[in-house]
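Read the structure below first, then the notes.
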Amino acid sequence: MSPVAPLSSSRLVVTLCTYNERENIGKLIPQILEALPDADVLVVDDNSPDGTADVARQMGAADPRVKLLLRTKKAGLGAATLAGFQWAIDQGYDYVLNMDADFSHHPRHLRAIWGCMQMADVGIGSRYVPGGGITGWSAMRHFMSQGINWYSHVLLGAKARDCSGSFRCYRISKIRELDFTKIRSRGYAFQEEFLYRCARVGCRIVETPIVFEDRIIGQSKINVAEIVRSLRDLFLLGLDGIRDTPVTR
Ligand SMILES: Nc1nc2c(ncn2[C@@H]2O[C@H](COP(=O)(O)OP(=O)(O)OP(=O)(O)O)[C@@H](O)[C@H]2O)c(=O)[nH]1
Ligand SMILES: [Mg+2]
């Protein structure tokens with residue numbers, strides 16, 4: 001793999017999808033900007049009832065690096081992530097780095113993920129490479145995560161060890177090659193589907209270890225309905241993979 005042009009984080013936007021993360025983003029955004037001072041930060045908020053968007057707006061008034069994409073209602077993590085990517089494309093950024101807004105993705109890992117982009121089209125903050133890990137999860141969460149990754153390897157042919165995490169940086173010139181209208185997953189299966197499609201357009205994927213820490217403030221948005229929706233999306237994606245035909249909406 002040959003190195004590409006030198007990195008300048010002035011061409012990078014960090015996207016944070018948020019639903020009721022008011023307390024977290026007030027602390028998280030300053031730490032992101034400390035780690036990557038030349039980057040911008042986009043909060044993609046689905047009109048959170050706790051006023052997360054107000055906090056983002058206030059931070060943006062004080063610091064122009066902080067931007068807000070306010071959506072009308074909660075429409076799923078995948079839909080919000082994709083809206084952030086489209087915004088980054090439309091605004092002319094060269095890289096987009098997505099992370100959760102609940103400190104499960106700690107900003108101390110940002111520079112390592114960003115460093116992957118010397119070589120990669122997709123840099124993954126990975127829990128499943130040596131040095132990576134997870135703290136604070138139940139046995140059931142571990143089982144589900146392992147199962148989803150096993151599925152991605154066996155049925156989708158994924159090569160990355162961590163196919164389900166969202167702590168990733170993308171080279172925009174490569175993700176522009178994807179047809180966003182074909183992306184089916186609106187919920188949590190988005191991560192596996194997007195990575196699958198990146199691999200299909202020939203993205204170079206590099207993983208760097210992260211330790212995922214269970215959230216301390218706020219509540220998880222994963223519930224039974226989200227799990228069922230994700231399993232359905234993954235199953236349909238597996239069928240597409242087997243048939244190797246384009247996905248229809
Ligand atoms: N805009 C938007 N953000 C969402 C939505 N669902 C989840 N998020 C955000 O996506 C990130 C990940 O969601 P979490 O609920 O923490 O899910 P998780 O990290 O996979 O699971 P936990 O470990 O249980 O926290 C957080 O920053 C959420 O606020 C949504 O429908 N819309
Ligand atoms: Mg979380």
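Read-outs throughout are calculated quantities, based only on the coordinates presented, and are distinct from any laboratory measurement. Please read these numbers as outputs of a predicted model, since none were measured by experiment. Cβ placement follows ideal geometry from the backbone for every residue including glycine, while neighbour counts extend to all protein chains displayed.
Tabulated data
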quantity	calculated
Selected from L239, L110, L195 as most flexible by GNM, with the chain as the system and alpha-carbon contacts under 10 Å	L239
Whole-angstrom gap from region 100-169 to region 201-228, using each part's C-alpha centre	7 Å
Whole-Hz couplings from phi, Karplus 6.51/-1.76/1.60, listed for region 159-173; x for Gly and Pro	9, 5, 6, 10, 9, 10, x, 10, 7, 9, 10, 10, 7, 5, 4
Cα convex hull volume per residue for region 112-158 (Å³)	94 Å³
Size of electric dipole in the chain: Cβ of Lys, Arg +1 and of Asp, Glu -1, about Cα centre, debye, nearest 20	500 debye
Positive dipole terminus of the chain, leading residue within T18, L156, T72 (C-beta point charges)	L156
Table column - 3J(HN,Hα) (Hz), region 177-184, Karplus curve with 6.51, -1.76, 1.60, x for Gly and Pro	6, 7, 8, 4, 5, 8, 6, 8
Leading residue at positive end of dipole, the chain (Cβ point charges), from Q91, L36, A120	A120
Rel. contact order, % - alpha carbon contacts under 8 angstrom, at least six apart, region 9-243	24 percent
Cα-based shape type of the chain, given that a ≥ b ≥ c are square roots of the gyration tensor eigenvalues and the cut on a/c is 1.5	rounded
Residue-wise HN-Hα coupling along region 130-143, computed from phi with Karplus coefficients 6.51, -1.76, 1.60 (Hz; x: Gly, Pro)	x, x, x, x, 9, 10, x, 8, 6, 4, 5, 4, 4, 4
Reach of K67 by Cα under 20 Å, taken over lysines that are not fewer than 8 positions away in the same chain	K27
